[in-house]
1. Which cross-chain or sequence-distant (5 or more) residues have an amide H under 5 Å from the amide H of Ala105, H modelled 1.01 Å from N in plane?
2. Give the Kirkwood hydrodynamic radius (Å, one decimal) of the chain, defined as one over the mean of 1/r across all pairs of different Cα atoms.
3. Extension gain Arg277-Lys417, at 0.36 nm per residue separation less the Cα-Cα distance, in nm?
4. Would you mind checking the tilt of helix 425-439 against the longest principal axis of the Cα atoms of the chain, expressed as 0 to 90 degrees and rounded to 10?
5. Whole angstrom only: what separates the Cα centroid of the range 102-118 from the Cα centroid of the range 1-73?
6. How high is the relative contact order of the chain? Use alpha-carbon pairs under 8 Å, at least six apart in sequence, and give a whole percent.
7. Under a 1.4 angstrom probe, counting protein chains only, how are His328, His160 ranked by accessible area, largest first?
8. What full-extension length gain, to one decimal in nm, is calculated for Phe212 and Thr153 as 0.36 nm per residue of separation minus the Cα-Cα distance?
Amino acid sequence: MNAAVDTEVCIVGAGFGGLGIAITLKRARFDDFVVLERGNAVGGTWRDNVYPGCACDIPTTLYSYSFEPNPHWTRLYPRREELWDYLADCARRYGLEPHLRFGRALDDAVWDDTTATWHVRTADGATLRCRVLILATGALNRPKRPPIPGRDTFAGTAFHSSEWDASVDLRGKQVAVIGTGASAVQIVPEIAAEVARLTIFQRTPPWIFPRFDRPIGARERALRRFIPGYARLTRALLYWSLEVRAYGFTVKPDLLQRREALALRYLSRKVADPALRRALTPHYRMGCKRVLLSDDYYDAVQRPNVTLTTEATAIEPDGVRTADGTLHPADVIVYATGFEATKQLSGVRITGRDGMALADAWRDGMAAYLGTSVAGFPNLFMIVGPNTGLGHNSMVVMMEAQYAYVVDALRRMRRTKVRALDVRPDVQRTFNDELQRKMRGTVWASGCSSWYQDERGKNTTLWPGFTFAFRRLTRRFRPDRYHAV
Ligand code: NAP
């Protein structure tokens, strides 16, 4: 270990992204690192989201590390418990325990140019100096609480989907679910049968396809386990079947009309009542918001104790009011209203060269080079940084591309004895100008509003292209794009 630092590399976050980069470092024989985690266990999203029905909408085959295929998955679409176990198991298997520091929420990080180190402070007052800071803090963990008038006057219990209060017994209660996104369509079918009355407040109907979830039987598990190459082949097939969708999303959104017709046919088959069908019919180009998968949402909406109504306009002590003046009584409100994805890292202070705050560098919106490096912040790398999100394929593909890129950068620093690397501002600017130019032709710019865009309407979250293009760009670290500091 270098005497000037407490640890060579400091990773922040022990979710999918943080564990993955930690394992990749281990596999590349970088052993001098710690992982700071604000919680008391690994798992990130899959530790925190405990709402009923929480599962991933990408099949396990592809929503797992490529270097750690798991032959034991029990369902096509993994439930959060199984994903959480998988991540904990990966951490154990790769000997990450000695590197993990729980209860350490990043509070601030300051770059010191003279020693070329990051000075990191966590909320509990602990400090740490490191050469390289890797932020794997995730994009979907700052709950968005809608500014509905009267929110604080509600006399019952209210919580956000990602802060599910399992101590609240919903049986026999009148429950309001606000929002109809990916979380809501998983929650609604799970709780509909047990509550007395469920009212769903929908502002915009989502596009929904059936998920075709099913258990993975013993025979298929045996194939994954004992047939060499089987897991890799099924992963590759699934990857390409999802990847082709990027063409419609990012190159020719008009092609999505055919997919829309299929989804509308599914809706017609599931919902007989014309008025309800109309209410559930989306009026924007498919893919502009995340396309949802569910086998049972439409069934749940049609239960006699479930009502689908319009956007909530006010919250009162006894319930939720809609624009037509109706008060929908509620004992419990569930805010399934999503996350502040465009405000990544706004809760921590990151200070780069010449005292520049990341919040100031991102005054006009989040931006990075390859979603990984930010000019003026040497030796800072992000996993799932700006514009690395996907609407069409598994995030694991993007994360693994970033792991390879970061490890290549560290190898290079070690080999060339360069203390620090800072991406050139002109490189970052050109990269983002081109990225935003491509964004203009994508489905995400076709006229809807979504969590992909910031308050200026700029999409700072998604990658406007194929994942293989991102993989190509990140295959090798490009020293000519950086200044040595
Ligand atoms: P979301 O997709 O952003 O949905 C939020 C919902 O709340 C939308 O229906 C939105 O309506 C509504 N809403 C937000 N603010 C509102 C307001 N002020 N008034 C009324 N309605 C409001 O959030 P999410 O369902 O939590 O999902 C977020 C992301 O997490 C997903 O897109 C996905 O990437 C990820 N996720 C993934 C899975 C999975 O299976 N892998 C599961 C859950 C979540 P509008 O559409 O009108 O804005």
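1. Ala123, Asp124
2. Evaluated on the chain, it is 23.8 Å.
3. 44.0 nm is the gain from fully extending Arg277 to Lys417.
4. 20 degrees
5. A separation of 20 Å, based on Cα centres.
6. 20 percent
7. The ordering from most to least exposed comes out as His328, His160.
8. Full extension of this stretch gives 17.1 nm more.
The values are calculated or read from the model by the stated rules, or taken from the named source; none is laboratory data. Being a predicted model, the structure only gives us computed values, none of them experimental. Glycine also receives a Cβ, built like all others from the backbone with ideal geometry; neighbour counts cover every protein chain displayed. Areas reflect the complete protein model, heavy atoms only, side chains present, ligands, DNA and RNA absent. Shrake-Rupley method; radii C 1.70, N 1.55, O 1.52, S 1.80 Å.
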